Each structure stands twice: as structure tokens, then as C-alpha cells.
Amino acid sequence: MDLARQRTRILWMGLLLVLAFMALGYRLVDLQVIQHEALLDRANRSHALQITTKGHRGDILDSRGEVLARSLPAKAICADPSLIGEHYTAVARVLAPLLRTNEAILAEILQPRLRTNHLGEVIHDRKGRPVTNQFVVLRRRVLDEDWRALSDALKKETFGLPTNRVREISSLRQSIQPSRDDDEIRVYPNRLLAGPVIGFTDGMGGGVEGLEAFLNEQLRGVDGFIKTERSRRGGELRRFREIQMPPQHGRDVFLTLDARLQLIVEEELAATLRQFQAPGGCAVAIQPRTGRILAMASLPGYDPNRPPLRPQDATLRRNWGVSYTFEPGSTFKLVAATAVMNEGLLDLTDRVDCGEHGQYVGEFGKERVRLSDVHVIKDRYATVERVIAESSNIGTFQLALKLGRNRYAEYLDRFGFGQKTGIRMPLEERGLLRQPKDWSMTDFSRIAMGYTVAVTPLQLAMAMSALANDGRLMRPQIIDRIVGADGTLLAQPEPEVVREVCRPEVAAKVRRALRQVVEDGTGALVKMERYTVAGKTGTAKIAPYREPRYHSSFVGFFPTEAPELCIAVVVEDPNPRLGYYGGKVSGPAFRNIATRAADYLGIQPDLPRPGTEPAEESSTALTSVRPKP
């Protein structure tokens, strides 16, 4: 009996041992096979450390190397609430002015919070104490120099505690640290200068507006990383570094803009807007023979360091040069004048009917067209040159009639109206230009004088530049060169001729007529002391034409026979009591910009000083305004 009982006991013990070994084996399989990947991942996450090395965004510079946008090294400022404890309000009070952040918001972030597991239970450490969060971000993208200043200030801070509580004070100081990962902050050292052209970046460093957005692929860097292990205190164990992927830095982009000339243009445009109480305006300065844009000003502008982001601020962010369309008025008359002479239908000295006493009524089948001239020409029949100089609406329509709708529309296309210029900038408008088959004769008359058609300031400037460049329309250039992080030249666009608008001899005749606009016409206030100027004034009522609201413009170039600079100035809605004609509002702004620009760029005058005899041979070898790299 005892033997049978012993055998039974041994069997049960053996069975239990087998079951125990089976359970142990299952557990080993579970840990080593089934949960291997998950446990390895958890171990790696607890010990592994990946440090990001920032791929720096490239700079944007002007043609002379003046920095317009640059990324500077920055860090995120972090805190360990577990080290701060009940002193979070005192720490927030100290940090708020240093970080330029709201104190109440900082206190809310710094307040320790109990950590819980997936069941919502509070986690405790080995000694049974509840565990709080150990990492919060107080502010991102703080410049290294600002962190050093903050760190120096913290070294002197006691946070309101008695000086003999050294350990607590030291713990509070150590609770504020920069992040390990590299970061950067985009800065625009010239603030408002060319803001709408340059644009700005978002919180992640990507381009949002302007050239920052358009050239984002060239400018952005690619981050690298370092895979290593962390110490018990969270620091890096450098001997365990496994993988190092170096960052790829972005490319530097040099623009054709000249920062000093840009400042001149913005200052003079701002002065004009103040003088005539106008809400906004635009000015563009171009080198006619290359199409290089030396300045492009839009006012009111903005500071890319603090961009206006509200929906109602969209107009502030707009680059007027390419995104703003308007009815150009009389500046558009250069098309009819050029076309009629290029087709050999009329010459400068030929006369056309300008109506009686500035009034005209034309019968075209069942349609009657009525026109009037603001600047009435004394004689009914005036030369083509006088029609341009006096900006006759009636005379310009007569020129367009000589061409007919289809041929006139062909020249609108040649000059680049109704189409994008192809400039490497975002949000360029093509303007508004209907097909000639949709024009009534009234429409035809209005288009000839710059109404019922919309253009951008850049389109207008490029059209005038074509006449300055012997009839060759150039592609506008805003990018001078792109340079790699190692200084290698990667791209440098060459001047590009889009098409020939007219023959060189015709362009010379139009220049002669445009010079008369300034010498003895509607642009008399534009006249410069040492330079001949050719240009055209423009005054157009703003739709729906019920109120006295106008676009006042002037577009021209100098010196007339060897043009170095073409400038377009457009002012929106000047106070009509102070003046609204293009020759009075925008003309003097052109003159002031041109005078200062000529002095800065060293453009050689083509007129003698007042009171001196002209030289036997006037020099035509003018100083190039192409900035040197």
C-alpha cells in the first residue's frame, strides 16, 4: 500500500516537473521567438539614441552678396518638470521675460504631471514615489546666442529661494536645457526690404510665400542623423555610435536684385504714397538689354521675420510686380504707335485726325464710338509724334484703326500682354486680354487707350524695355546664380530673347517720340538734368468708374539712345485733390528713383552740365549696371 502511494506521488511529481519544464520552454519560446522583435524594439528605444544633424537651408542674397535671408543655428529650450516640482510658478516667472513668453502659459507647461500606464494607473518608482513627466518644450528655434544669454542669466538666479538652499537652486537651474537635435531659425536682416519678393518660411523651415516657396527645392537642406546609445542619465555614449549620415545643406541663391537700389526704389515709392495719400503702389527697375530685375518694390510690404498670416492680410503679402493687374491707361498707347510704324503704314511725321476740339464720333455700321481727349491738340490733324507726346486718345484710336483688330492684337501678343512673362517667381498673373473676335468697335477703341485690358507692372516694364532694347523683348530674370554649399557654381541663367517686337529702326523712332513725351508733353515733370529720358504717362480710372479713383503710372528709360535702366512706377488710388495724373504722381517718383540710381550705379550722363558746352562727341559707352559677383 505504501509502495503504491509512493509510486502515485512520484508520478504526480514527475508530471508537475514536465508541466513546469513545458511552461518554462513555452516562456522561453515566447520571449526568444514570438516577442523577440517587440522586446528588441523596446530595448532599443530605451537605450538607443538618434540625434538629428540639421541640413541647413541655403541663403538668399542680392547680386553683390548682401544677405537677404539666412538660417542661423538654433535650439529648442526644454525643461524637466520632475526637477522643478512645486517651484514651477517661480521658474515660469523667471523664464517668461527671458523667453519673451506669457508667464501663465509657461507655468501651465512647467507644472509636473503624473505619468500613468495604459490602464490609467499612476506609475511609481522603486521607492514607491509617483513618477512625473520629465520633458517639455518651452520654446522652439531659439538662437544659440539667445540660449547663451539665457544660460548666463540662470546661473545668477535663485528663483526666490534662500541662497543657502544650494542643492534646490542647482536642480532648478539644471532643469532648463537646450535640445540635443540641431535646428535653425530663418532671419531676414533687412527686415521690410523686398519682403513680398523674398517671402518667408513656415515653422518647419519650408518656403511659404515668394521666392522662399518658389525656390524651396534648391534652398532646403536634407537632415542627417547619428545613431548611438544613451547613458543612464540620458546623455550620449559616443563610443556606441553606429551610423552617421551627414546632412546635405541647401544651395545659396543669388538674385539679380541690388539691395541698395531696392532701398532707393522703396524709399522713393513710399515718399510718393505719403505725398499723395495713396494706399499702395509698385515700382520695378530693369536692365533693358538683359532683362535683369534690379529692384521690385511693393508697398505696403511686410517684414518676413513677422509675416502677416491672417486671411485679410493676403494683399499685404502680394508681390504687386507680378500678381497685381490694372488697366494701364495711356502707357498702353506705345503698342499702337509701334505697330503702325513697324507695318509701314505711317511714319512719325505723318498726320492723323485727332477730332475737333478734342471730340470724336465715329460710325461703324450700327455702332457709334465716342472719344474725347483730356490733353486737346490745337490742330485737328497732328503728327504721330505729337499724338504720342500729347497722349491723344482719338489719335491713338486712329493708329489702331489703320492696323485693324487682328493685326493690332498680334502686336499685343508680341509685346507679351495677356501671357505670363516666364519670370521664375510664384503667382504670376497673365493679365486680362480678350480675343479680337470678341471686341466691339467700342472695345477696340478702349483697348487702344489702355482700358478693358489688364496688365501687371512687370509686363508693362518689359514692353517698354523692348523698345529700349532695339525691339527685342527679353525674358525677365530674377535669379543671378545658384551656388552649392561648397561654393560650386551650379547655375547661372543667361539673357534670353523672347522675340523681336519690331525692327530696330522702328524702335529708334518710338524712342524719339517717347523722348518728346518728357521734353514737350505730358511727362514734363520727369525731365532729368544730366540724362535724356523717354517714357509714357498713364492715367486710368479704376472700375467701375463711378468714383474719382485712378491708377497713376509712368514707365520709361534713360539715357534715351543707350538705355541702362527702365523703370515702371504704378500708384493706386492717389487722393484726387492732391493729384492723379500719371505725369504728376508717378512721373516725379520715376525722376527721383532714376536720379539716385544713376548716381549709385555710376551711369554716364548723356547731357552736359548746365552752363557748359557739350562735348564734340557724346559718349555712348555707358557704364554697365550689371553687378559684379
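The values are calculated or read from the model by the stated rules, or taken from the named source; none is laboratory data. Here the structure is a predicted model, which means the values were calculated and not measured. As a convention, Cβ positions derive from the backbone with ideal geometry for all residues, glycine included, and neighbour counts pool all protein chains shown. Ligands, DNA and RNA are excluded from the accessible area calculation, which covers all protein heavy atoms including side chains. Shrake-Rupley method; radii C 1.70, N 1.55, O 1.52, S 1.80 Å.
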**OP:** Report, by residue number, each residue of region 188-232 that is modelled with pLDDT of 75 or more and either polar (S, T, N, Q) or surrounded by fewer than 16 Cβ atoms within 10 Å (Cβ to Cβ) (or both).
**Re:** Pro189, Asn190, Arg191, Thr201, Asp202, Gly203, Met204, Gly206, Asn216, Glu217, Gln218
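Are any residues in region 309-344 part of a loop (DSSP other than H, G, I, E, B) and in contact (Cβ under 8 Å) with a residue 24 or more places away in the chain, and if so, which ones?
Arg318, Asn319, Tyr324, Thr325, Glu327, Pro328, Glu343
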Original post:
From the residues in region 242-271 that are open to solvent by 70 Å² or more (accessible area, probe 1.4 Å), part of a loop (DSSP other than H, G, I, E, B) and over 30 Å from Asn319 (Cβ atoms), which one is modelled with the lowest pLDDT?
Top reply: Glu242
Original post:
Filter region 558-608 for residues that are assigned to a loop (DSSP other than H, G, I, E, B) and within 27 Å of the chain's Cα centre (by Cα); which is surrounded by the fewest Cβ atoms within 10 Å (Cβ to Cβ)?
Top reply: Asp573
Subject >> Selection from region 90-121 of residues that are part of a helix (DSSP H, G or I) and not hydrophobic (A, V, I, L, M, F, W, C) >> reply: Arg93, Pro97, Glu103, Glu108
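Yes/no per residue for (1) within 24 Å of Arg386 (Cβ to Cβ); (2) open to solvent by less than 30 Å² (accessible area, probe 1.4 Å); (3) in contact with a strand residue (DSSP E or B) (Cβ under 6 Å, 6 or more places away or on another chain):
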residue: Arg515; (1), (2), (3): yes, no, yes
residue: Arg530; (1), (2), (3): no, no, no
residue: Gly535; (1), (2), (3): yes, yes, yes
residue: Ala540; (1), (2), (3): yes, yes, yes
residue: Pro544; (1), (2), (3): no, no, no
residue: Ser552; (1), (2), (3): yes, yes, yes
**OP:** Starting from region 285-302, take each residue that is under 19 Å from Gln477 (Cβ atoms) and list its partners that are part of a strand (DSSP E or B) and of a type in the set (Asp, Glu), counting only C-beta distances under 9 angstrom and pairs at least six apart or across chains.
**Re:** Arg292/Asp480
**OP:** Would you check if Val122 is open to solvent by less than 30 Å² (accessible area, probe 1.4 Å) and either hydrophobic (A, V, I, L, M, F, W, C) or over 43 Å from the mean Cα position of the chain (by Cα) (or both)?
**Re:** no
**OP:** Residue by residue through region 364-387, note down the ones that are within 23 Å of Pro436 (Cβ to Cβ) and either surrounded by 14 or more Cβ atoms within 10 Å (Cβ to Cβ) or touching a Gly at 6+ places or on another chain (Cβ under 6 Å) (or both).
**Re:** Val369, Leu371, Val384, Val387
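Give region 407-454 a look and list any residue that's among the basic types (Lys, Arg), part of a helix (DSSP H, G or I) and surrounded by 15 or more Cβ atoms within 10 Å (Cβ to Cβ), or say none.
Matches in region 407-454: Arg407, Arg414, Arg446.
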Subject >> Residue satisfying condition, being of a type in the set (Gly, Ala, Ser) and closer than 20 Å to Arg220 by Cα, within set Gly120, Gly55, Gly128, Gly160 >> reply: Gly55
**OP:** Return yes or no: is Val361 among the β-branched types (Val, Ile, Thr), in contact with a Leu (Cβ under 7 Å, 6 or more places away or on another chain) and outside any loop (DSSP other than H, G, I, E, B)?
**Re:** no
**OP:** For region 133-173, name all the residues that are in contact (Cβ under 8 Å) with a residue 40 or more places away in the chain and either touching a Phe, Trp or Tyr at 6+ places or on another chain (Cβ under 8 Å) or in a loop (DSSP other than H, G, I, E, B) (or both).
**Re:** Asn133, Gln134, Phe135, Glu157, Phe159, Gly160, Leu161, Leu172
Original post:
Restricting attention to region 277-301, and to residues there that are open to solvent by less than 10 Å² (accessible area, probe 1.4 Å) and assigned to a loop (DSSP other than H, G, I, E, B), which single residue is farthest from Leu193 (Cα to Cα)?
Top reply: Pro288
